[in-house]
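S.K.: Would you mind keeping the following structure in view while I ask a few things?
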Amino acid sequence: MNIAIYPGSFDPVTNGHLDIIRRSAKIFDKLIVAVSVNSQKKPIFSIDERIEMVKKVTSDIENVEVKAFTAGLLVDFAVEEKAKSLIKGLRAVSDFEYEFQMALINKKLKPSVETFFMMASEEYSYLSSSIVKEVGSLGGDLTGFVPEEIIDDIKTKLASK
Ligand code: PNS
């Protein structure tokens, strides 16, 4: 079974993430969305809330599993999950430098785990979780940016901040 991991903070999951999830799930037998702790970020949603949102929007994709990844190295998590591949989405050149460094470090740490980069679809190349939070907090319409099913969750969270 060819298993891949798609890691990220997903604070919250956007239509850009969902596009990468759907496209990757067609290529691999199983895709594990690893909802992660990024030590450099302060998420507004708890890990359980982020997992719930990703589960909600991927419930129709049979070979997608959503798991928490909260400690240790990503490559060790991949080995534990018997995944040989990591999927990273790239929107613009600005994503590349950081992702390139992570891919090379991960390769050094665990040569058996490969990183695959998937270009974001053009219509989502401007999207990020941060921009969604900014638009939402300023009262903007989130339709088209995030899946419909989680718009209320995001509005409620932003209103409580
Ligand atoms: O969505 P994000 O916040 O850009 O995701 C970043 C994430 C969680 C994929 C990245 O921070 C990560 O891989 N963390 C795991 C820790 C690790 O393995 N670090 C060493 C390789 S850089």
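The values are calculated or read from the model by the stated rules, or taken from the named source; none is laboratory data. Source: prediction; values computed, not measured. Positions of Cβ are generated from backbone atoms using ideal geometry, with glycine treated the same way; all protein chains shown enter the neighbour counts.
The rows are residues; the columns are (1) over 30 Å from Gly72 (Cβ atoms); (2) within 13 Å of the ligand (Cβ to nearest atom); (3) not β-branched (Val, Ile, Thr).
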{"site": "Lys110", "(1), (2), (3)": "no, yes, yes"}
{"site": "Met119", "(1), (2), (3)": "no, no, yes"}
{"site": "Leu127", "(1), (2), (3)": "no, yes, yes"}
{"site": "Val135", "(1), (2), (3)": "yes, no, no"}
{"site": "Asp141", "(1), (2), (3)": "yes, no, yes"}
{"site": "Glu149", "(1), (2), (3)": "yes, no, yes"}
{"site": "Lys155", "(1), (2), (3)": "yes, no, yes"}
{"site": "Leu158", "(1), (2), (3)": "yes, no, yes"}
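S.K.: Being touching a residue at least 40 places away in the same chain (Cβ under 8 Å) and in a helix (DSSP H, G or I) is the requirement here; does Lys161 meet it?
M.R.: So Lys161 fails the test.
S.K.: If you go through region 105-122, how many residues are assigned to a helix (DSSP H, G or I) and either in contact (Cβ under 8 Å) with a residue 12 or more places away in the chain or touching a His at 6+ places or on another chain (Cβ under 9 Å) (or both)?
M.R.: The number of residues fulfilling the criteria is 2.
S.K.: Can you give me the number of residues within region 34-51 that are touching a residue at least 24 places away in the same chain (Cβ under 8 Å) and either more than 11 Å from the ligand (Cβ to nearest atom) or among the charged types (D, E, K, R) (or both)?
M.R.: Qualifying residue count, region 34-51: 5.
S.K.: I need the full set of residues from region 129-152 which are in a helix (DSSP H, G or I) and in contact (Cβ under 8 Å) with a residue 60 or more places away in the chain, in order please.
M.R.: Once the filter is applied, which keeps residues that are in a helix (DSSP H, G or I) and in contact (Cβ under 8 Å) with a residue 60 or more places away in the chain, region 129-152 yields Ser129, Val132, Lys133, Glu149, Ile150.
S.K.: Go through region 109-130 and count every residue that is of a type in the set (S, T, N, Q) and touching a Gly at 6+ places or on another chain (Cβ under 9 Å).
M.R.: Number satisfying all stated conditions: 4.
S.K.: Now a separate question. Do you know which residues across region 24-33 are away from the ligand (no atom under 13 Å from the Cβ) and either among the aliphatic types (A, V, I, L, M) or at pLDDT below 95 (or both)?
M.R.: Ala25, Ile27, Leu31
S.K.: Scan region 4-23 and give yes if some residue there is away from the ligand (no atom under 16 Å from the Cβ) and among the aromatic types (Phe, Trp, Tyr), otherwise no.
M.R.: No, there is no match, as no residue in region 4-23 is away from the ligand (no atom under 16 Å from the Cβ) and among the aromatic types (Phe, Trp, Tyr).
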